[in-house]
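A.B. asks: Dropping a structure here in structure tokens format, bear with me for questions.
The values are calculated or read from the model by the stated rules, or taken from the named source; none is laboratory data. Note that the coordinates shown come from a computational prediction; the quantities given were computed from them, not determined experimentally. Every residue, glycine as well, gets a Cβ built from its backbone with ideal geometry; the counts of neighbours run over all protein chains shown. In case anyone asks, the SASA skips ligands and DNA or RNA and just uses the protein heavy atoms, side chains included. Shrake-Rupley method; radii C 1.70, N 1.55, O 1.52, S 1.80 Å.
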Amino acid sequence: MTNENIRDIIQQELPNILQDREMRDFVLRTVHDYYAGKQETESRFDQIMAELRRDREEQARKWDEQNRKWDETNQSFKEIFARLDRQQEESDRKWEEQNRKWNEQNRKWEETQAEIRAMNRKHDSTIGALGARWGLHSESSFRNALKGILHDSFGVEVVNVTEYDDQGEVFGRPDQIELDLLIKNGLLILCEIKSSVSKPDVYSFEKKVQFYQTRHQRIANRKILISPMVNTRAGEIAKELGIEVYSYAEDVPV
């Protein structure tokens with residue numbers, strides 16, 4: 001009988017043999033080292049399932065812990081961003097408030113500047129009007145005083161001449177020309193009294209002199225400008241044109 005025949009007989013008869021308890025125990029003892037029993041298998045399965053359950057619970061716990069940390073981190077970031085937003089809003093509010101104050105300050109400064117400019121213009125106009133009025137009055141007063149002194153004390157004839165320049169020779173257009181004449185023993189002095197003398201005043205006086213000499217066919221012996229304020233350059237030009245300039249009436253020889 002071959003091994004193959006024996007294996008076939010065992011496969012055929014084994015189920016019937018296992019019906020006998022002693023034979024079944026014998027077989028189980030025989031294969032015990034090769035195969036675990038039902039109880040042992042179930043015990044091992046329970047252990048494996050318990051380990052898997054513990055692993056799953058541990059993993060779940062770890063995930064819960066990780067999620068908690070993520071939630072805490074997210075909450076921290078939300079609080080940080082919220083605080084930054086509040087700080088930005090506060091900063092924007094302060095900048096807007098500062099800009100409003102700057103604009104208000106600039107507006108007040110501009111209003112103050114406008115008031116100062118208006119006040120300056122008013123003062124300039126007032127002072128200018130007073131200066132012009134003072135200049136005209138002082139010229140007239142000085143002319144009258146000079147006329148009284150020269151005529152009464154020295155016999156000098158003082159004549160204020162006003163003539164019309166219809167050809168515009170002096171000012172470039174027709175206008176009235178005014179000069180003071182000092183006459184003594186045939187000596188003719190053409191004179192102008194002004195509160196101040198500038199370069200244009202010197203040229204204007206020279207044209208008046210030329211106008212008078214041409215119209216009356218008479219050459220002036222002297223040309224004199226009298227003023228308390230004479231521009232330096234005006235004095236130099238007057239000297240070049242042969243015009244005598246005096247700052248004080250008592251300096252004028254008769």
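A.B. asks: Taking region 131-166 only, how many residues are of a type outside the set (A, V, I, L, M), modelled with pLDDT of 80 or more and either surrounded by 11 or more Cβ atoms within 10 Å (Cβ to Cβ) or in contact with a Leu (Cβ under 6 Å, 6 or more places away or on another chain) (or both)?
C.D. replies: Counting residues in region 131-166 that are of a type outside the set (A, V, I, L, M), modelled with pLDDT of 80 or more and either surrounded by 11 or more Cβ atoms within 10 Å (Cβ to Cβ) or in contact with a Leu (Cβ under 6 Å, 6 or more places away or on another chain) (or both) gives 3.
A.B. asks: With (1) at pLDDT below 85; (2) among the hydroxyl-bearing types (Ser, Thr, Tyr); (3) within 16 Å of Val245 (Cα to Cα) as the list, and Thr232 as the residue in question, which single condition is left unmet?
C.D. replies: (1)
A.B. asks: Let me confirm something: among Gly186, Gly168, which residue is out of contact with any His (no Cβ under 6 Å at 6 or more places or on another chain), free of Cβ contacts under 8 Å to residues at least 12 places away in the same chain and closer than 24 Å to Leu150 by Cα?
C.D. replies: Gly186
A.B. asks: Scan region 80-105 for residues that are open to solvent by less than 100 Å² (accessible area, probe 1.4 Å) and acidic (Asp, Glu) and jot them down.
C.D. replies: Matches in region 80-105: Asp85, Glu90, Asp92, Glu97, Glu104.
A.B. asks: So Gln39 fits all but one of (1) assigned to a helix (DSSP H, G or I); (2) of a type outside the set (Phe, Trp, Tyr); (3) open to solvent by 100 Å² or more (accessible area, probe 1.4 Å); (4) at pLDDT 70 or above; what number is the exception?
C.D. replies: Result: Gln39 fails condition (4) only.
A.B. asks: Hey, another quick one. Are any residues in region 171-181 open to solvent by 20 Å² or more (accessible area, probe 1.4 Å) and either under 13 Å from Asn160 (Cβ atoms) or hydroxyl-bearing (Ser, Thr, Tyr) (or both), and if so, which ones?
C.D. replies: Once the filter is applied, which keeps residues that are open to solvent by 20 Å² or more (accessible area, probe 1.4 Å) and either under 13 Å from Asn160 (Cβ atoms) or hydroxyl-bearing (Ser, Thr, Tyr) (or both), region 171-181 yields Gln176, Glu178.
A.B. asks: Report, ordered by the first and then the second residue, all pairs with beta carbons closer than 6 Å, sequence separation of six or more or different chains, a first member in region 194-221 that is touching a residue at least 12 places away in the same chain (Cβ under 8 Å) and open to solvent by 40 Å² or more (accessible area, probe 1.4 Å), and a second member that is among the small types (Gly, Ala, Ser) and in a loop (DSSP other than H, G, I, E, B).
C.D. replies: Close Cβ pairs (under 6 Å, with a partner that is among the small types (Gly, Ala, Ser) and in a loop (DSSP other than H, G, I, E, B)) amount to Lys194/Ser227; Ser196/Ser227.
A.B. asks: Can you list residue pairs whose Cβ atoms sit under 8 Å apart, with the first residue in region 1-28 being open to solvent by 90 Å² or more (accessible area, probe 1.4 Å) and part of a helix (DSSP H, G or I) and the second being among the aliphatic types (A, V, I, L, M) and at pLDDT 75 or above? Count only pairs 6 or more apart in sequence or on different chains.
C.D. replies: none
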